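Participant: Before anything else, here's the structure in question.
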Amino acid sequence: MNRYLLPLFIFIALVILLAVGLSLDPRKVPSPFIGKPAPAFNLPQLHDDSKIIKPADFKGHVWLLNVWASWCVSCRQEHPLLMELANSKQVPVYGLNYKDDQADAILWLKQWGNPYQASAFDSAGGTGIDWGVYGVPETFVIDKDGIIRHKHIGALKRSDLDETIMPLVKKLQSAAQG
Amino acid sequence: MIPELGNFALILALSMALVQASLPVIGAWKNIPEWIALARPAAWMQLLFILIAFGCLTYTFIVHDFSVAYVAHNSNTQLPLLYRVSAVWGGHEGSLLLWALSLSIWTGAVTLFSRSVPQAMVARVVGVMGMVSVGFLLFMILTSNPFERLFPVPMEGRDLNPLLQDFGLVIHPPMLYMGYVGFSVAFAFAIAAMLGGRLDAAWAKWSRPWTNIAWMFLTLGIALGSWWAYYELGWGGWWFWDPVENASFMPWLMGTALMHSLATTEKRGSFKAWTVLLAIFAFSLSLLGTFLVRSGVLTSVHAFATDPTRGVFILIFLAVVVGGSLLLYAIRAPQIRSASQFDLVSRDTALLFNNVILVVACISILLGTLYPLVVDALGIGKISVGPPYFNSVFIPLTMPLAILVGVGAMMRWKHDEITRLTRKLWPVLLASIVIGIVLMMLYTSEVKVMAVVGIVLALWVTGTTLLGFWDRIKGKGNVLRALGKVPLGFYGMSVAHLGIGVFIVGITLTSLYSTEKDVRLVPGEKYELGGYEFTFKGVTRKKGPNYIAHEGNLHVTKDNKLIAFLQPQKRIYRTQPKPMTEAAIDAGLTRDLFVALGEPLGAENAWSVRLYHKPFIRWIWLGAVFMALGGLLAACDKRYRQQNKRNENKRAVV
């Protein structure tokens, strides 16, 4: 045994510590908003400043909140699907118009069609932060009790709707209000 | 097509690295000249392939190829060209590629500038660097391939993190990595010397200029990071003891110790085993920093996206590289004999003292950085260790270092007389105290004890360094001629030590005399801070390429003269939810005026505005620039080239 082995032993202890550290890391939690009540907001409607939208209004219904903006390229991608969904009248879709210019947003809906029952106008993006939005588009599923049940990040694809979102919506719709 | 080409180039680089890591080392061991000769071409080919891969990645960024996942995650069609290029190293995968490129450049440089080193030694050094490269390339190809495709192809990229869309961040990572990776050269020389079984002073001489240059890059890289944090994060601070900052600071401390220890080993043949250990430590800490930043074991403001498989890979890699080196050290070190003796009062002792302090400081930072992890691993809870710990440990530890820096440089090797030193030094001490007190009284009416201590210390460092320099040239007739005779190494040392003095002035005055104020201002309103009058002229809206901004307008006047027109911004990037604060700074040698825009406050177009007056903050980075310049000067000393010439002459004669 010689003293020159000491650095090696200390290092081995350090490696063990780091290995334990690796297995610990619990920082990654799925979206902290799932299963939590939808954050409240109180925003003017995009098309009519004098009317206010707030999540409490939809209590007793299952509804979708779609975060969108006229500058968002991927929103164009999912737009036809949203139109289809709105026309099928299976579930109401509300919009959260995020960091947008009011005139641009209204023009955009006029040009491509408006799938939303109404859109809340969040020009400063404050509500987006409350909802943990980190990219546009995002789509939330909210149940009859106002609890967020699902969050989809990025443009919706048909498979997302058919395999995840619509089955969940059907299930939530048939459940009794708690 | 281009991304596949890049991917292919990466794989070719890996195969070259495998050749480079094996054949030359075996050749040096079995004495096969053909295999030894493979070291240089293998290193060059590896460099070429990594350059191709790097070029391919840059190209995919420039043309917005969002089919490549890494590009889609870190770029956007609205992103300006400069940031598209720097986005290449803006994320985990690309920064690894930069790491590998930098390692390859260092290896190439070693093959070019080591003509005086025996061929077998070069083969071992290049081989060891090849082994490190194999690890990094495998890591990249297996867990973090920057060329991975994405399907379906998104129409728009997610954009580069706005914090990174800044000029400071364009050059900070390359500098830092050149520093981190540069320590691999001293490491490779140390391992090669142990493999060859010849741990004489020669390896120390060969490693010295490399270590100096790596240290210079690291110094600049850290200073740039600190400067960036100062103006970009908008908090007005310049060092936060964040785990990632610590990860770059620990190798710096160890590298500083290594530079001094290498000098002792080369000149006096002492500290041999210790120097080898420091070379291993300095590079190991660079690797540990990489692990800490990328594995997600610690939380930090700028940790990369985390992924457990990556963490496991780096940990295994770290264990192999560092564990292997320390094992080799345990086998070889007992055979090393450090012959030389020295007295208590001698430059040798001073350098030993320097080493002990730097290493202890480094370990205390390591402890503080890892302590939250230890507590977590033991299941006690989650805590974080912050600036109070680091400041209260680090500052008292390094004070003696500043006291001794100039004195140590004046001391003689092996033996010196205490009486000779005190006779020389007491006038400097007296002058430092008197001038320090007078300067502080002239500077401010509010003299603080700690400020006087700091300024006296800075003057003392400066005075003793200049005195040491004067010792070198006095009594040699013509001053200019004598100046020309002083070796560059000595210039380098003196300039770097003066940098410490400059740095101390900066931190002392900034930390004790900074003033800051959060104020609510309506357009037209004035506020006075640090003798300057700030007039708020309201906020206008601005549109940038990929963001919109509120821009505040402030006139700054002093004695009714317009000093500056500051326009701080609050930016909202379309792809990020959080607004970004762009501070406006009027920089000056004796003070910075720093303004950050807060939030709109309701009626009358009022805004919250944060104003700072930061005296002498530039001196902090100026000190770092002095130190880096010192490192560069020392590396350029002609004695590192003389040997080359002598050998060439010998060759010519033969």
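Participant: Taking the conditions exactly as written (modelled with pLDDT under 90, more than 14 Å from chain A (Cβ to nearest Cβ) and farther than 18 Å from B:Phe187 by Cα), does B:Gly234 satisfy them or not? Can you show your working first?
Facilitator: On the way: modelled with pLDDT under 90: yes; more than 14 Å from chain A (Cβ to nearest Cβ): yes; farther than 18 Å from B:Phe187 by Cα: yes.
Against the criterion (modelled with pLDDT under 90, more than 14 Å from chain A (Cβ to nearest Cβ) and farther than 18 Å from B:Phe187 by Cα), B:Gly234 qualifies.
Participant: Please work out which residue is surrounded by the fewest Cβ atoms within 10 Å (Cβ to Cβ), limiting yourself to region B:120-166 and to residues that are in contact with a helix residue (DSSP H, G or I) (Cβ under 7 Å, 6 or more places away or on another chain) and of a type in the set (Asp, Glu).
Facilitator: Result: B:Glu148.
Participant: Something else: Looking at region B:119-138, can you tell me whether even one residue there is in contact with an Asp or Glu (Cβ under 9 Å, 6 or more places away or on another chain) and not charged (D, E, K, R)?
Facilitator: Initially, region B:119-138 is screened for residues in contact with an Asp or Glu (Cβ under 9 Å, 6 or more places away or on another chain), giving none.
Checked against the condition, which is being in contact with an Asp or Glu (Cβ under 9 Å, 6 or more places away or on another chain) and not charged (D, E, K, R), region B:119-138 yields no hits at all.
Participant: Right, here's the next one. Taking B:Leu278, is it within 21 Å of B:Ser207 (Cα to Cα), at pLDDT 85 or above, within 12 Å of another protein chain (Cβ to nearest Cβ) and more than 24 Å from the chain's Cα centre (by Cα)? Lay out the reasoning, then the answer.
Facilitator: Details: within 21 Å of B:Ser207 (Cα to Cα): yes; at pLDDT 85 or above: yes; within 12 Å of another protein chain (Cβ to nearest Cβ): yes; more than 24 Å from the chain's Cα centre (by Cα): no.
Answer is no for this residue.
This table checks each residue for (1) of a type in the set (D, E, K, R); (2) loosely packed, with under 14 Cβ neighbours inside 10 Å; (3) away from chain A (no Cβ under 14 Å).
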| site | (1), (2), (3) |
| --- | --- |
| B:Val345 | no, no, yes |
| B:Leu351 | no, no, yes |
| B:Leu366 | no, no, no |
| B:Leu378 | no, yes, no |
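Participant: If only one of B:Gly544, B:Gly552 is small (Gly, Ala, Ser) and within 14 Å of chain A (Cβ to nearest Cβ), which one is it?
Facilitator: Sole residue among the options that is small (Gly, Ala, Ser) and within 14 Å of chain A (Cβ to nearest Cβ): B:Gly544.
Participant: Pull up region A:55-80, narrow it to residues that are in a loop (DSSP other than H, G, I, E, B) and within 30 Å of B:Val153 (Cβ to Cβ), then point me to the one that is farthest from the other protein chains (Cβ to nearest Cβ).
Facilitator: Looking at residues that are in a loop (DSSP other than H, G, I, E, B) and within 30 Å of B:Val153 (Cβ to Cβ), I get A:Ser70.
Participant: Further question: Can you name the residue in region A:110-122 that is buried (at least 17 other Cβ atoms within 10 Å of the Cβ), touching a strand residue (DSSP E or B) at 6+ places or on another chain (Cβ under 8 Å) and not aromatic (Phe, Trp, Tyr) and is also farthest from the other protein chains (Cβ to nearest Cβ) among such residues?
Facilitator: A:Ala118
Participant: Going by the structure shown, is B:Trp413 within 20 Å of B:Leu467 (Cα to Cα), part of a helix (DSSP H, G or I) and among the aromatic types (Phe, Trp, Tyr)?
Facilitator: Against the criterion (within 20 Å of B:Leu467 (Cα to Cα), part of a helix (DSSP H, G or I) and among the aromatic types (Phe, Trp, Tyr)), B:Trp413 does not qualify.
Participant: Is there a residue in region B:370-392 that is among the small types (Gly, Ala, Ser), in a helix (DSSP H, G or I) and modelled with pLDDT of 95 or more?
Facilitator: no
Participant: Kindly establish whether A:Leu6 is within 14 Å of another protein chain (Cβ to nearest Cβ), at pLDDT 80 or above, exposed (fewer than 15 other Cβ atoms within 10 Å of the Cβ) and out of contact with any Cys (no Cβ under 6 Å at 6 or more places or on another chain).
Facilitator: So A:Leu6 passes the test.
Participant: For region B:408-444, which residues satisfy the criterion of being free of Cβ contacts under 8 Å to residues at least 12 places away in the same chain and charged (D, E, K, R)?
Facilitator: Correct list: B:Arg420, B:Arg423.
Participant: Then there's this: Which residue, of B:Arg158, B:Arg115, B:Arg198, is under 30 Å from B:Trp228 (Cβ atoms), at pLDDT below 90 and not in a helix (DSSP H, G or I)?
Facilitator: Numbers: B:Arg115 fails: under 30 Å from B:Trp228 (Cβ atoms); B:Arg198 fails: under 30 Å from B:Trp228 (Cβ atoms).
It is B:Arg158.
Participant: Just a yes or no: is a residue in region A:127-138 farther than 13 Å from A:Trp68 by Cα, aromatic (Phe, Trp, Tyr) and within 11 Å of chain B (Cβ to nearest Cβ)?
Facilitator: Looking only at region A:127-138, we keep the residues that are farther than 13 Å from A:Trp68 by Cα, and these are A:129-132.
Now restrict to residues that are aromatic (Phe, Trp, Tyr): A:131.
Going one step further and asking which of them are within 11 Å of chain B (Cβ to nearest Cβ), we end up with A:131.
Yes, that holds for at least one residue.
Participant: Additional query: Which of the residues that make up region B:570-581 are away from chain A (no Cβ under 14 Å) and crowded, with 21+ Cβ neighbours inside 10 Å? Walk me through it before giving the result.
Facilitator: Initial filter on region B:570-581 (away from chain A (no Cβ under 14 Å)): B:581.
Passing the criteria: none in range.
Participant: Is it true that some residue in region A:79-101 is in contact with a strand residue (DSSP E or B) (Cβ under 8 Å, 6 or more places away or on another chain), of a type in the set (Ser, Thr, Tyr), surrounded by 15 or more Cβ atoms within 10 Å (Cβ to Cβ) and within 27 Å of B:Asn546 (Cβ to Cβ)?
Facilitator: yes
Participant: Please indicate, with yes or no, whether at least one residue in region A:14-30 is among the acidic types (Asp, Glu) and at pLDDT 85 or above.
Facilitator: Scanning region A:14-30 turns up no residue that is among the acidic types (Asp, Glu) and at pLDDT 85 or above.
Participant: A follow-up question, please. Quick check on B:Phe240: is it within 13 Å of chain A (Cβ to nearest Cβ) and at pLDDT below 90?
Facilitator: No, not satisfied.
Participant: OK, next. Output the number of residues of region A:151-161 satisfying the condition of being assigned to a helix (DSSP H, G or I) and free of Cβ contacts under 8 Å to residues at least 60 places away in the same chain. Lay out the reasoning, then the answer.
Facilitator: In the first step, residues of region A:151-161 are kept if they are assigned to a helix (DSSP H, G or I); the result is A:158-161.
Then keep just the ones that are free of Cβ contacts under 8 Å to residues at least 60 places away in the same chain; that gives A:159-160.
Counting residues in region A:151-161 that are assigned to a helix (DSSP H, G or I) and free of Cβ contacts under 8 Å to residues at least 60 places away in the same chain gives 2.
Participant: Any idea which of B:Ile585, B:Ile572 is in a strand (DSSP E or B), at pLDDT 90 or above and in contact with a strand residue (DSSP E or B) (Cβ under 9 Å, 6 or more places away or on another chain)?
Facilitator: B:Ile585
Participant: Does A:Gln111 satisfy the criteria of being of a type outside the set (A, V, I, L, M, F, W, C) and at pLDDT below 90?
Facilitator: Working: of a type outside the set (A, V, I, L, M, F, W, C): yes; at pLDDT below 90: yes.
Yes: the conditions hold for A:Gln111.
Participant: To continue, here is another question. Being away from every other protein chain (no Cβ under 14 Å), touching a residue at least 60 places away in the same chain (Cβ under 8 Å) and either of a type outside the set (Phe, Trp, Tyr) or in contact with a Leu (Cβ under 9 Å, 6 or more places away or on another chain) (or both) is the requirement here; does A:Thr164 meet it?
Facilitator: Against the criterion (away from every other protein chain (no Cβ under 14 Å), touching a residue at least 60 places away in the same chain (Cβ under 8 Å) and either of a type outside the set (Phe, Trp, Tyr) or in contact with a Leu (Cβ under 9 Å, 6 or more places away or on another chain) (or both)), A:Thr164 does not qualify.
Participant: Here is a check on your reading of the model: is A:Gln45 surrounded by 14 or more Cβ atoms within 10 Å (Cβ to Cβ), away from every other protein chain (no Cβ under 13 Å) and under 22 Å from the mean Cα position of the chain (by Cα)?
Facilitator: yes
Participant: Moving on to the next point. Take region B:234-263 and flag every residue that is under 12 Å from the mean Cα position of the chain (by Cα) and touching a residue at least 24 places away in the same chain (Cβ under 8 Å). Don't jump to the end; show me each part of the working.
Facilitator: Here is the first cut: in region B:234-263, the residues under 12 Å from the mean Cα position of the chain (by Cα) are B:244-256.
Passing the criteria: B:Val244, B:Asn246, B:Ala247, B:Ser248, B:Phe249, B:Met250, B:Pro251, B:Trp252, B:Leu253, B:Met254, B:Gly255, B:Thr256.
Participant: Kindly provide the set of residues from region B:590-608 that are out of contact with any Lys or Arg (no Cβ under 6 Å at 6 or more places or on another chain) and in a loop (DSSP other than H, G, I, E, B), ordered by number.
Facilitator: B:Thr590, B:Gly602
The values are calculated or read from the model by the stated rules, or taken from the named source; none is laboratory data. As the structure is a prediction and not an experimental result, all values here were calculated from the model. No Cβ is skipped: glycine too gets one built from the backbone with ideal geometry, and neighbour counts run over all protein chains shown.
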